[in-house]
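What follows is a short report on a single structure.
What follows draws every value from the coordinates through simple rules; no lab data is involved. Fair warning: this is a prediction, and the values are worked out from it, not measured in the lab.
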Amino acid sequence: MPSNQVTVSARVSKNLKEELERKGVKVSDAIRRGLERELKELRIKELESSIKKIDFSKVSEGQIIRDIRKTREER
């Protein structure tokens, strides 16, 4: 069964790794969380950029309400 995960590596100072381990931090978990946080921030920036391009004066209030309701129903 093929895995949907890949291995990545990062070089960090020996002191950093040792201190993290002394404090009970799993380095692989910390790297994973950092990458997930970075991706989330990039997605937010992309969305903010897209939102800035929308001319809301051309969208009716009714359409906004319908879209919100549709989105909620899809959850």
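Only one of the values (i) 25, 16, 9; (ii) 17, 16, 9; (iii) 42, 17, 12 was calculated from this structure for semi-axes √(5λ) of the Cα gyration tensor in Å; name its label.
Of the listed options (i) 25, 16, 9; (ii) 17, 16, 9; (iii) 42, 17, 12, (iii) comes from this structure.
Which ³J(HN,Hα) values in Hz, rounded to whole numbers, follow from the phi angles of the stretch 53-59 under the Karplus curve 6.51 cos²θ - 1.76 cosθ + 1.60, where θ = phi - 60° and Gly and Pro get x?
7, 7, 9, 5, 5, 8, 10
Karplus couplings for the stretch 5-15 from phi (6.51 cos²θ - 1.76 cosθ + 1.60, θ = phi - 60°), rounded to Hz, Gly and Pro as x?
Couplings: 10, 10, 9, 10, 10, 9, 8, 10, 5, 4, 4 Hz.
For the Cα atoms of the chain, what angle does the longest principal axis make with the long axis of helix 61-74, in degrees from 0 to 90, nearest 10?
Relative to the chain, helix 61-74 is tipped by roughly 40 degrees.
Karplus couplings for the stretch 43-50 from phi (6.51 cos²θ - 1.76 cosθ + 1.60, θ = phi - 60°), rounded to Hz, Gly and Pro as x?
Ordered by residue, 3J(HN,Hα) equals 5, 4, 4, 5, 5, 4, 5, 5 Hz.
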